[in-house]
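Heads up, the thing below is written out as structure tokens.
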Amino acid sequence: MKIIGLVGSPHGPKGSTARLTRLVLEGAESRGAQTETVYLTGKNVLLCKACDTCHKKGKCPQDDEFEKIKDKILNADGVVIASPNYIFNVSAQMKAFMDRCCGVIHCLSFEGKYGASVVTSGGGDEKAVADYLNYFLIVTGIKPVGSVWATMGNITGETYPEDIRKAAFDLGEKLVLSWKDKVKDSDVEKRIDNFKERMRSLMLWRKQEWPYEYRYWKDHRGLE
Ligand SMILES: Cc1cc2nc3c(=O)[nH]c(=O)nc-3n(C[C@H](O)[C@H](O)[C@H](O)COP(=O)(O)O)c2cc1C
């Protein structure tokens, strides 16, 4: 299994979010996964300009690394998506990536992959951020298997406490095992199916304006 870790913190590999993500990836590696981590620093993925080109042509015209990162995910089997809590939500760096995935979301282009989410905060409120990250996974077609988070204000020293280390490692293992066994969680399946129906209607409504996406749905899902 190939897994991409996607870390949305300007602190990059040295940050708390990256260090917690690494523990998840170590759990996945212990079950045989190959992993690669991409750091969204705010420079490699620029803001969406709302030009609609992705809907019309399937690719973003901006000269940055978004398409390369998208291709890495398309070629992987799983994603670990990670963000610090910035004002009760994901970081702007992560949100920029999410907005650039508008075309991916219309096509649920990452369908069939498995995922997990990671959040760190200074003082708490991680669950809402993790739920949002998991919902993002769902609308791209990825099945989330769980989340792990840490409140840095409660942690002393350089390393994570044992309970958080274990939760992160276990999550990485669960991600690989879920993918291997093609686990189906009925709630996740229902949420993906419901979202797919919404996108199907959107494609029928916008078929003239967004030829790439309409063609994608015809080719992949037999849309008439
Ligand atoms: C712009 C900004 C907004 C933040 N907002 C919150 C917040 O609302 N709640 C919170 O508990 N921590 C907040 N924090 C703290 C970070 O979530 C925390 O330090 C996190 O662990 C940083 O992860 P990193 O080292 O991977 O960047 C904020 C930090 C920054 C820079």
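Every number here is computed from the coordinates shown, using simple stated rules; none is lab data. Because the structure is predicted, anything quoted here is derived from the model rather than measured. With ideal geometry, Cβ positions are generated from the backbone for all residues, glycine too; neighbour counts draw on all protein chains shown.
What to note about this one:
- The residue that is nearest to the chain's Cα centre (by Cα), counting only those in region 85-102 that are farther than 19 Å from Val148 by Cα and of a type in the set (A, V, I, L, M), is Met98.
- Flag if Thr17 is within 16 Å of the ligand (Cβ to nearest atom), in contact with a helix residue (DSSP H, G or I) (Cβ under 8 Å, 6 or more places away or on another chain), within 18 Å of Lys95 (Cα to Cα) and not in a loop (DSSP other than H, G, I, E, B): no
- For region 74-84, the set of residues classified as under 20 Å from Val148 (Cα atoms) and assigned to a loop (DSSP other than H, G, I, E, B) consists of Asp77 only.
To keep it simple, each residue is scored yes or no on (1) within 16 Å of the ligand (Cβ to nearest atom); (2) buried (at least 21 other Cβ atoms within 10 Å of the Cβ); (3) more than 25 Å from Leu108 (Cβ to Cβ).
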residue: Lys2; (1), (2), (3): no, no, no
residue: Thr21; (1), (2), (3): yes, yes, no
residue: Lys43; (1), (2), (3): yes, no, yes
residue: Cys48; (1), (2), (3): no, no, no
residue: Pro61; (1), (2), (3): no, no, no
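- Count of region 124-151 residues, restricted to those that are surrounded by fewer than 21 Cβ atoms within 10 Å (Cβ to Cβ), farther than 18 Å from Cys101 by Cβ and not acidic (Asp, Glu), is 5.
- Unmet requirement for Asn85, which otherwise passes all of (1) under 25 Å from Asn194 (Cβ atoms); (2) in contact with a Gly (Cβ under 8 Å, 6 or more places away or on another chain): (1)
- Restricting region 25-41 to residues that are within 16 Å of the ligand (Cβ to nearest atom) and in contact with a Ser or Thr (Cβ under 9 Å, 6 or more places away or on another chain), the residue that is farthest from Met98 (Cα to Cα) is Leu25.
- Yes/no for Trp210 being crowded, with 20+ Cβ neighbours inside 10 Å and either out of contact with any helix residue (DSSP H, G or I) (no Cβ under 9 Å at 6 or more places or on another chain) or within 17 Å of Glu111 (Cβ to Cβ) (or both): no
- When we screen Ser201, Ser178 for residues that are among the hydroxyl-bearing types (Ser, Thr, Tyr) and either touching a strand residue (DSSP E or B) at 6+ places or on another chain (Cβ under 9 Å) or surrounded by 11 or more Cβ atoms within 10 Å (Cβ to Cβ) (or both), the only hit is Ser178.
- Residue within region 65-83 that is within 11 Å of the ligand (Cβ to nearest atom) and buried (at least 21 other Cβ atoms within 10 Å of the Cβ) present: yes
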